[in-house]
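Note sheet for the following structure.
Every read-out reported here was derived from the displayed coordinates using simple, explicitly stated rules and does not represent laboratory data. The model shown is predicted, which means the values in this text are computed figures rather than measured ones. Counting neighbours? That spans all protein chains shown, and the Cβs are built from the backbone with ideal geometry, glycine included.
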Amino acid sequence: MEVRRTVPVTLDVDSTDAALLEDTVDTFLWCAQYVVDHAFRGEYVTTSKTTLEDKTYDDVREATDGFNGGLVQAARNKAAEACKSVVARWKNGKKASKPHMTAPHVVYDHRTATFYDDYVSLATTDGRIEADYVLPDKDSDTPHAEYLFSDEYETTGAELHWKHGEWQLHIHCKKEVESDTSAQATTTHGTVLGVDLGVNNLAVTSTGTFWTGDEFDHWRREYEKRRGDLQACGTRWAHKNMQAVGRKEEGRFKMTLHRIANELVAKACDHDCSVIAFENLTDIRERTGASWGHKWAFNRLYEYVAYKAAEYGINVAQVDPENTSRRCSHCGFTHPDNRNGESFKCQKCGYENHADYNAAKNIGLRYLRRNQTGGDEGEPLGVRLNSGMLNVNGEYKSPAEVSARTGVHAEESHPFTGG
């Protein structure tokens, strides 16, 4: 099994090299936009990398005075992925327009970048430059020490970004790990952990664990106030401090989301889950009334859970969120009046519970219905509750029944026990 990590590293770049990097970014984005424009010329959007390569490579190289071939291909790949994303949204009945490549970045691989212990060599529009890493202590407990300096991980590529007034290289690392046979032995029954995302509660699981959004909202408001106060000053000093505030804000939120992701994966391991099911994040802002900050947090949390869960042989998936907040996880009756804010009461069977918890169970159930396959010896898939389990039909199994069939120790009761 392959485990991947991304480590952000700030680069020490002088003014001459910075000008070259700016020119390289501009050229890279121009190349990507040229490919996108070509892809949208015909009656259908072209998404094949091979076709786009054949139709645009020579023209792009000529127009850019021989821009590095590897970077031209990387720009083409970026453009093709953006076009595929648009087509996928159209197929799902969503609105999407032609992509505009404006975010300042460049994609590097081993042909266009050489990675050393303390510095990197990067291809630009005028040869290569060498830039030193700005690194913490190698003995400190950081992602740099765990992944970048580790002999277990191989560097596969990177993306160069201009963020917060500095050049950052997001270095991609990977390692091959053997599947944990003990983990496989405890997850053959295919237990699913459902996860609902929201504004008031950032995440809620089908086991009844809540991660409130209070702290996230508090610090989001606090950082917005700080930026507003600095912006009102209008001085150069204030502008620099705004950038520093932005870095602190992003760092704080990432630490919080990493903690939640670790706890969520630990919860899946504790309950012997082989799958963690999220709702599809497309259009989640429109569904939940979330801010851009919440949307960013949802995406980050999903990414963190996905790569952390992979180390334990746990799959992470997304399912269609339609009516998961309105459907009764007990009897299946769906109606808008079932949900009132954070309260859920089924208008048919009278089942009552927290609305986000009910939605988390429905997300797990939807994954089951989409993947109705059993584990070893015909054991059906189930949605894990804190105590007991739901089968694909929404029928509850007691802790004793779960323990008898799977060998998992039955847990103590919980306020949400029994569905």
FRET efficiency estimate (nearest 0.05) - Cβ-Cβ, Ser150 to Lys295, R0 35 angstrom:
0.60
Pairwise FRET efficiency - Glu130 versus Asn200, Cβ, R0 = 35 Å, nearest 0.05
0.10
What is the dipole size for region 1-116, taken about its Cα centre, with +1 at each Lys and Arg Cβ and -1 at each Asp and Glu Cβ, in debye to the nearest 20?
1000
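For the ranges 321-332, 124-135, what's the packing order if you count other beta-carbon atoms within 10 Å of each residue, average per peptide, and put the highest first?
Working: 321-332: 19.9, 124-135: 15.8.
Highest-to-lowest ranking by the protection proxy: 321-332, 124-135.
Between Glu81 and Val3, what is 0.36 nm times their sequence separation minus the Cα-Cα distance? Round to one decimal in nm. Display every interim value, and only then the final one.
Numbers: separation 78, 0.36 × 78 = 28.08 nm, distance 2.19 nm.
Taking 0.36 nm per residue and subtracting the Cα distance, the gain is 25.9 nm.
How much length, in nm to one decimal, is gained on full extension between Lys55 and Thr102, taken as 0.36 nm per residue of separation minus their Cα-Cα distance? Walk me through the numbers before you get to the answer.
On the way: separation 47, 0.36 × 47 = 16.92 nm, distance 2.25 nm.
This chain segment gains 14.7 nm when fully extended.
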Would you please give the FRET efficiency between Arg370 and Trp90, computed as 1/(1 + (r/R0)^6) with r the Cβ-Cβ distance and R0 = 30 Å, to the nearest 0.05?
0.85
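Contour minus end-to-end for Arg41 and Ala232, with contour as 0.36 nm per residue of separation and end-to-end as the Cα-Cα distance? Please report the intermediate quantities before stating the final value.
Details: separation 191, 0.36 × 191 = 68.76 nm, distance 4.54 nm.
Gain in length upon complete extension: 64.2 nm.
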³J(HN,Hα), Karplus 6.51/-1.76/1.60, whole Hz, each residue of region 254-260, x for Gly, Pro:
5, 4, 4, 5, 5, 4, 4
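How much net charge surrounds Leu193 when only the other residues with a Cβ under 9 Å from the Cβ of Leu193 are counted, with Lys and Arg +1 and Asp and Glu -1? Walk me through the intermediate numbers first.
Working: positive: Lys267, Arg384; negative: none.
Net charge around Leu193: +2.
Sort 114-123, 203-212, 25-34, 77-86 for me by packing, meaning the mean count of neighbouring Cβ atoms within 10 Å per residue, highest on top.
Numbers: 114-123: 16.0, 203-212: 22.7, 25-34: 20.9, 77-86: 19.1.
Put in order of decreasing packing, that is 203-212, 25-34, 77-86, 114-123.
Averaged over every viewing direction, what's the projected area of the C-alpha convex hull for region 2-176? Give it in nm², one decimal, please.
Numbers: hull surface 46.8 nm².
Answer in nm², one decimal: 11.7.
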